[in-house]
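Read through the structure below, which is laid out as structure tokens, and then see the notes.
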Amino acid sequence: MSESNSKPHEASLPENSGTPDSVLYVGIDLGTSRTSISASNGVRSTVASLVGYPKDIVSRKLLQKDVLFGTEALRNRLSVNLYRPLEKGVIKFSEEDGEGHEDEARNNLQAARHLIQHAVSLARSRPEQVIYGVIGCPAQASIKNKQAIIEAAREVLDSVVICSEPFSVAYGLDLLTDALVIDIGAGTVDLCRMKGAMPDDTDQITLTTAGDFLDHKLFSLFREKCSGSQFTLNMVREIKEKFSFVTQSSEPVKVTFPINGRPREFDVTDEIREGCKAIIPPMVDAIHRLIGSFDPEFQTKLRSNVLVAGGGSQIFGLGRALEESLEELGGGSVFTVEEPTYAGANGALKIAYDMPSETWEQLK
Ligand SMILES: Nc1ncnc2c1ncn2[C@@H]1O[C@H](COP(=O)(O)OP(=O)(O)OP(=O)(O)O)[C@@H](O)[C@H]1O
Ligand SMILES: [Mg+2]
């Protein structure tokens with residue numbers, strides 16, 4: 001299903017006339033579920049944020065590789081130790097991780113490092129080129145996490161800058177002022193108010209009621225509805241990505257799950273609607289907070305320029321549902337980004353282009 005209310009917000013890449021051939025610029029959207037890269041040589045590539053290491057000598061012999069990425073890692077999950085190194089948008093080792101989690105934290109950090117290296121390798125730089133990169137990460141990622149991302153990226157980039165995910169989306173679409181960008185990812189929903197200057201903490205809100213949260217919510221709703229049947233979280237996510245909607249009416253959604261090995265059909269229309277709707281209230285609350293605390297003279301403009309991005313922006317009817325919530329504040333317009341997969345990476349690339357070369361040199 002696709003949202004009808006979309007504005008032609010095509011990311012326009014800047015003219016590359018002044019770029020020396022000796023430099024490759026890359027923009028990376030380091031996401032919980034997928035990592036995408038856009039490069040100044042025209043390469044665009046995306047990979048599921050999964051890293052797998054062969055479990056033992058047998059799997060090593062079978063796979064003929066030391067590390068696997070994306071769907072290849074998932075496909076071989078029985079032969080590899082599988083890591084999804086980012087959670088809630090950040091590398092899965094946090095200040096709260098106490099003792100006993102050191103190994104896990106180290107492994108996630110290593111997997112994140114390999115994932116960033118892999119993403120950069122997809123850009124196919126030439127050996128003599130220096131690589132300057134901008135990496136988008138959640139608006140409220142901790143200092144420790146940003147530091148870890150920078151350190152991991154330094155191994156493959158000559159210079160690296162971190163920016164907030166919704167900011168890179170907005171920058172790529174030239175929405176530098178009077179706009180509210182909402183990036184609905186797997187781990188986080190990031191909201192960012194664009195005010196014609198660099199956004200600060202008061203302009204950004206990060207929520208964890210995003211795609212992963214939805215998957216768990218739908219999983220428990222399906223448990224009740226389809227009791228006795230067998231299904232996995234991964235199957236629920238696939239169903240969500242195919243049928244998600246929040247409108248009043250819809251075609252019936254029917255799924256087939258086995259019960260004791262026998263396939264059985266269930267109608268999950270109401271569960272999908274109810275589950276998907278669960279991400280709306282926290283988002284509406286955050287929108288109200290960001291609009292309500294903005295300069296009153298600019299609130300109307302902000303309300304009429306709300307842009308929804310990220311994989312979750314594809315939930316059918318979401319834009320309209322958010323518009324309805326804005327009515328309480330005097331009405332507004334919500335638009336959906338055209339290219340959810342690359343909006344963040346394209347924006348990060350544009351920031352990389354626009355940064356003065358002296359700054360890149362200094363950051364080396
Ligand atoms: N059609 C769809 N309907 C609803 N959700 C979808 C759809 N397509 C993808 N998604 C969900 O969007 C999320 C992935 O979006 P995206 O690639 O923007 O996230 P990410 O950048 O990896 O995560 P984050 O920004 O939180 O780190 C997943 O939860 C995925 O299931
Ligand atoms: Mg994202």
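The values are calculated or read from the model by the stated rules, or taken from the named source; none is laboratory data. All of these numbers come straight from a predicted model, not from anything done at the bench. For neighbour counting, all protein chains shown are included, and Cβ atoms are generated from backbone atoms with ideal geometry for every residue, glycine included. Ligands, DNA and RNA are stripped out before the accessible areas are found, and what is left, the full protein with its side chains, is counted by its heavy atoms. Shrake-Rupley method; radii C 1.70, N 1.55, O 1.52, S 1.80 Å.
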Query raised in the report: Given the residues 7, 88, 55, which is the only one that is more than 16 Å from ligand 1 (Cβ to nearest atom) and modelled with pLDDT under 95?
Result: 7
Query raised in the report: Looking only at helices (runs of 4 or more DSSP H) that fall completely inside region 246-364, which ones have 1 or more residues that are under 22 Å from residue 231 (Cα atoms) and open to solvent by less than 80 Å² (accessible area, probe 1.4 Å)?
Result: 269-277
Report task. Might you check whether a residue that is under 30 Å from residue 268 (Cβ atoms) and touching a helix residue (DSSP H, G or I) at 6+ places or on another chain (Cβ under 6 Å) occurs anywhere in region 194-210? Result -> yes
Query - Hits in region 18-28 (condition: modelled with pLDDT under 95 and either within 16 Å of ligand 1 (Cβ to nearest atom) or among the small types (Gly, Ala, Ser) (or both)) - result: 18, 22
Query raised in the report: Can residue 242 be described as crowded, with 17+ Cβ neighbours inside 10 Å, modelled with pLDDT of 95 or more, within 19 Å of residue 186 (Cβ to Cβ) and more than 16 Å from ligand 2 (Cβ to nearest atom)?
Result: no
Query raised in the report: Among (1) within 12 Å of ligand 2 (Cβ to nearest atom); (2) under 17 Å from residue 337 (Cα atoms), which single condition is residue 177 missing?
Result: (1)
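Quick one: would you say residue 151 is more than 16 Å from ligand 2 (Cβ to nearest atom) and in the same structural domain as residue 128 (by TED's automatic domain parsing)?
For residue 151, the condition - more than 16 Å from ligand 2 (Cβ to nearest atom) and in the same structural domain as residue 128 (by TED's automatic domain parsing) - is met.
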Query - Given (1) buried (at least 16 other Cβ atoms within 10 Å of the Cβ); (2) away from ligand 2 (no atom under 16 Å from the Cβ); (3) part of a loop (DSSP other than H, G, I, E, B), index of the condition residue 126 fails - result: (1)
Query raised in the report: So how many residues does region 76-92 have that are over 22 Å from the mean Cα position of the chain (by Cα) and either surrounded by fewer than 16 Cβ atoms within 10 Å (Cβ to Cβ) or in a loop (DSSP other than H, G, I, E, B) (or both)?
Result: 5
Report summary line: Of the conditions (1) open to solvent by less than 30 Å² (accessible area, probe 1.4 Å); (2) modelled with pLDDT under 95; (3) within 16 Å of ligand 2 (Cβ to nearest atom), the single one that residue 33 does not satisfy is (1)
Query raised in the report: Across region 313-337, which residue is farthest from residue 246 (Cα to Cα) among those that are out of contact with any Cys (no Cβ under 9 Å at 6 or more places or on another chain) and within 16 Å of ligand 2 (Cβ to nearest atom)?
Result: 337
